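Notes follow once the structure below has been shown.
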Amino acid sequence: MSTLGAALREEGTEVTLACAPAFAGLADRHGLDFTELTVTRNANTGVAERTSQAPSEGARLREFLEATREGAIPALLTQARHRAADMLPDPERVLEDVRALDRRSRADWYLVDQLSYPVTLSMHCLELPYATFCPGHPSYIPTEQDASFGLPRAWPDALRPAPGDLDELLVAVNANDRAFTRAFRDVARAHAPHLPEVERAFALCSPRAVVFNYPRLPDLPPPPSGPTAIYSGHCTPLPLETGPDGTWQAVVARLGSGGRPLVLVAFGTFLSARHDVLRTVTEAVLTHTEASVIVAAGDRLPELLSSPVLACASPDRLHLADTVPQQQLLAHCTAMVHHGGNNSFTECVAAGVPSLVLPFSSDQFAIGHDVERAGLGLTLDPNTATAFTVGTAVKQLLAAPGDRTKSLAHEVLAAGPRHAARQLLDVMPGGPLTS
């Protein structure tokens, strides 16, 4: 969102970032104005386990992480249960906060994160002009008859569940769909009874424009009918404002000495806590390939260093850090191993770097499927992966010429946030913007 806001600013638009105070630094970094709009009291920044959050949120995070160890269906069921318990946090307060924000800002239009459902509902009730930004897989906005939020639209081969295993998940996500829509309708009836009834809450989006932070790949779900569909391809600032700083340049030079390929391993804000999988992947690269490896370990450095392979690894081949400058490092990498998060996937595509995807939850399964289908890498089950299977997959990525990945990178780079910003400005009212 902040990157797209910066692109809109570069097109001559006045932009204000409205979000929780924990993210105010993003406004400074991108040259945007800032105003507070807190939708949820939980904000995960950098490493989720370090983030200050309510005890109940910490307990939910631990429950989710334990469910990922049991497999795809248990993880998705846990997410569905958490969603059912907190379908629409504090919608009346958020609506009044959005109303007050609109009075202060006098914005011509808004750009709303599709996952900020109370804000979308507020925009709907207040009849404010807005565009929707979809931060995940395009199927996050369900448009097909049998699609439900929380049910992967497609599965990679290694994680395809048996039909019977989906029954409980289908019941849970469909119940959430109905309950969420009822909650939306209750608020809308109270505040905008003159408007048509919300047909399906998870599908509610801007009638004007929807920006997908995703490349326009074959076999994606159809976009919502009505609004202009904009595929940004990625939201990486390109060209990058800066390369790795001096410390990281030294790390890259050390690991790449002698022409060794470099593999980046990162599982995002939450899933670095799965140190068992991080350990397996790192051991695989060190023992089954000639590559060097950088690992974003979060708070799990001690657990990783309990591995004799990692503890004894040469510093010329292994670098462990709590967080890494992923966008800057990808330009120096031959392959990346990640969890199938949208940002990791699209940043790899933009950099022309093939992926080994180990999906755990959410839309990561659909993204892993797309990686396979588009020839952009490989996907394995993180809970059954071994050092041998991961090593074999990484060797395959390192040996492949990566023509498809590099070809798509050219297409994606021709899109990007500046292109999305220009398209938005073509279809939205002119003048200042609040994001």
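FYI, it's all coordinate maths here, none of it is from the lab. Keep in mind the model is a prediction, meaning the values are calculated, not measured. All Cβ positions, glycine included, derive from the backbone under ideal geometry; neighbour counts span all protein chains shown.
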Self-check item: For 395, 406, order by how many other beta-carbon atoms lie within 10 Å, fewest first
Solution: 406, 395
Quiz prompt | Residue among 86, 177, 157 with the largest mean-square fluctuation in a Gaussian network model of the chain, springs linking Cα atoms under 10 Å | solution = 86
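From the gyration tensor of the Cα coordinates in the range 1-153, what semi-axes in whole Å does the equivalent ellipsoid have, largest first, with each one equal to sqrt(5λ)? Before the final figure, lay out each step's value.
On the way: eigenvalues 164, 72, 53 Å².
Ellipsoid half-lengths, sorted descending, are 29, 19, 16 Å.
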Self-check item: Within a Gaussian network of the chain (alpha carbon springs, distance under 10 Å), most fluctuating of 420, 158, 296
Solution: 158
Quiz item: Where in the chain lies the longest segment free of GluC sites (Glu not before Pro) that are both loop residues by DSSP (not H, G, I, E, B) and have at most 10 other Cβ atoms within 10 Å?
Solution: 200-435
Self-check item: Fraction in percent of alpha-carbon pairs per bin - 20 Å, the chain
Solution: 25, 59, 16, 0
